[in-house]
1. Which ones in the range 241-274 are open to solvent by less than 50 Å² (accessible area, probe 1.4 Å) and of a type in the set (F, W, Y)?
2. Can you say whether L312 is at pLDDT below 85 and surrounded by 11 or more Cβ atoms within 10 Å (Cβ to Cβ), as far as the supplied structure shows?
3. Taking R355 and the conditions (1) under 30 Å from T274 (Cα atoms); (2) surrounded by fewer than 17 Cβ atoms within 10 Å (Cβ to Cβ); (3) in contact with a Leu (Cβ under 7 Å, 6 or more places away or on another chain), which numbered condition does it fall short on, given that it satisfies the others?
4. Within the range 49-82, work out how many residues are exposed (fewer than 15 other Cβ atoms within 10 Å of the Cβ), over 25 Å from E114 (Cα atoms) and hydrophobic (A, V, I, L, M, F, W, C).
5. Only one of (1) open to solvent by 60 Å² or more (accessible area, probe 1.4 Å); (2) out of contact with any helix residue (DSSP H, G or I) (no Cβ under 8 Å at 6 or more places or on another chain) is not met by P416, so which one is it?
6. Check P330 against each of (1) open to solvent by 80 Å² or more (accessible area, probe 1.4 Å); (2) within 18 Å of L266 (Cα to Cα) and name the one condition it does not meet.
7. Counting only residues that are in a strand (DSSP E or B) and surrounded by 14 or more Cβ atoms within 10 Å (Cβ to Cβ), which one in the range 364-381 is modelled with the lowest pLDDT?
8. Which residues, taken from the range 317-342, are touching a Lys or Arg at 6+ places or on another chain (Cβ under 7 Å) and either of a type in the set (D, E) or more than 12 Å from R354 (Cα to Cα) (or both)?
Amino acid sequence: MTLFSSGISFRKVKRSMRTPVVLALGVCAAFGQQAAFGQQIEELKLTVGKSIVLDYPTDIRQISSSDPMVVDTMAVTTREMLLSAKAPGTSTIIVWSKSGQRSIYAVNVEQNLEPLRRLMKETFPKEDIQIQSTRDSLSLTGRVSSKDIGDRAVAMVSPFAKTVVNYMMLPIAPVDRQIVLKVKFAELDRVKIQQLGVNIVSTGAANTIGTVSTGQFSSGLPNAIGPGLAPRFTITDALNVFAFRPDLNLGAFIKALQQENVLQILAEPNLVTTNGKEASFLVGGEFPIPVLQGGGNAGAVTIVFREFGIRLTFNPVVTENNTIKMYVKPEVSTIDTANGVNISGFFIPALSTRRMETNIELGQGQSFVIGGLIDDRVAEQLSKTPGLANIPLLGALFKSKEEKKSRSELIVIVTPEIVKPYEPGDKIPQPVMLREFLPPVVIGDKDNTGSTVPAKPSKKAKAAKTSDSAGPKSKG
């Protein structure tokens, strides 16, 4: 028998049935004259939507298909039958001849994977990916260079089958590269405060007892006023300068103060992690915060600890362009007692926090400023006594002023680098100790009498002892 594809009409198929096109259309076995009349099972492979015509040597009496939904059969003439592949699967075809002989064919119908294979080759030209089909599922075999490419290949073929089985192999993963992130956190806070004010107190000048003040700065207040009572004042804040003239029964509280505060923070944390792994560390501490409970434990107070200090969190990924793409989150927090609160006898300090969170991409050794801040603030408060403050020259005594200027400068710089570990025998840098830490004690040898001779101290120990005992020298 001869197998061939029927793509057009039956007559055209019959004229081309003996051409070499038969093998190119997916037929796996050629059938001999003797095999057609025996019980040998012949295997055929078809693709969905294709048909073949079998030329039988004798007249056909009956044709049977085990699964007509997979392979449909039809007798075209007494010696020709048409097999049409309808769906993926397997089917057994049995042919009976009028002479009593029968032939059995095992037909395996596969999907037409050639367009999908071409698409896979065009999309991943450097990958070895093979596609096979079994009924309503597809299996991917071969070898891919990375897991990401394998996942993309599975996603590409998923619309063509109900189930996709991934048998693709991955190469042995190389040693992950180590990435160190160097962060420089620099902050400068400067605050300048100027205060100026005068409060006047009279203990009986011009038979008048009282105070003249703008109320901005507190001073003395009378607490004993009445006939026959000596005037008495309680001084709560003497300010900077306090002067009193007993002969005039007149006193003055003067507030003249200049204050400058400088806060500098320089933190340079470094942290190492592998490619694609998140790392974090905290250098600081924890402070307790009382928390009032509710429900059945209403009124009970528990303690919760809150972290503060220098924190660094980042997750680097080395890209194909040899750049480092990373998520970075540096943070510096300090305890702020000035803005704390008192609750039920508990003092809870506040936190002054500087935090950045961003995603950047840098080359190895490159630096980037991921955060910066310049904050200039000026606050001025002026108080005066109406009328008296407008008197020329003397009006300045009835005015008070407070001026506060602050300037904050903040900058955060990150530098990623790909590093390698130290090899055995390499000199590893260590922190420099100002003094020798716990010098080793060497047991001395025994003398002729059997007693132990004390060991001589090392040169480093001698130098440390000499430096400790030597005091400052003065020149006469």
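The values are calculated or read from the model by the stated rules, or taken from the named source; none is laboratory data. Worth saying up front: this structure is predicted, and the values here are computed from it rather than measured. FYI the Cβ positions are ideal-geometry reconstructions off the backbone, even for glycines, and counts take in every protein chain you see. Heads up: the accessible areas ignore ligands, DNA and RNA and are worked out on the full protein's heavy atoms, side chains in. Shrake-Rupley method; radii C 1.70, N 1.55, O 1.52, S 1.80 Å.
1. Scanning the range 241-274 gives a single hit, F253.
2. The answer is no for L312.
3. So R355 meets the others, but not (3).
4. Here the count works out to 1.
5. (1)
6. (1)
7. Residue satisfying both the conditions and the ranking: G371.
8. Residues satisfying the conditions are V317, V318, T319, E331.
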